[in-house]
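In what follows, a single structure is set out as structure tokens and then discussed.
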Amino acid sequence: MDWAGVDPTFPEGDIRRDWSQERWFQESLEKVERLRPLEGGRTLGQLALRAHPSDRFRGDPRRQDIQVEANVAASAHPLLSEEHLGMIREVSHL
């Protein structure tokens, strides 16, 4: 998805409104940015599926078709190398 032009501000009263100021949120963003070089044409969700292929995703049933398509598309990409898996392990244990 192209997020250009999307307003990342949540409305008053939304629990997510102040997340961007929380330490855990900033740490999570740093982890995501460290993993971006591994995308290689995949979404980060597809990257996660290739890193942990036995995991199942339980998402919002209203979006299930979209998620199933994205998850199936992950299988079209090669398995991750040991080097890439090591980078993911390093980031996930920060």
Residue pairs meeting the criteria (Cβ under 6 Å; at least 6 apart or on separate chains; first of a type in the set (S, T, N, Q), in the stretch 36-50; second surrounded by 12 or more Cβ atoms within 10 Å (Cβ to Cβ)): Gln46/Ala74
Pairs where the first residue, in the stretch 82-94, is closer than 13 Å to Leu38 by Cα and the second is at pLDDT below 85, C-beta under 6 Å, 6+ apart: His84/Leu38; Ile88/Ala51
Filter result (charged (D, E, K, R) and at pLDDT 70 or above) within the stretch 44-94: Arg50, Glu69, Glu82, Glu83, Arg89, Glu90
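The values are calculated or read from the model by the stated rules, or taken from the named source; none is laboratory data. Remember, it's a predicted structure, so these values are computed and weren't measured experimentally. A quick note on method: Cβ atoms are made from the backbone with ideal geometry, for glycine too, and the neighbour counts reach across all protein chains shown.
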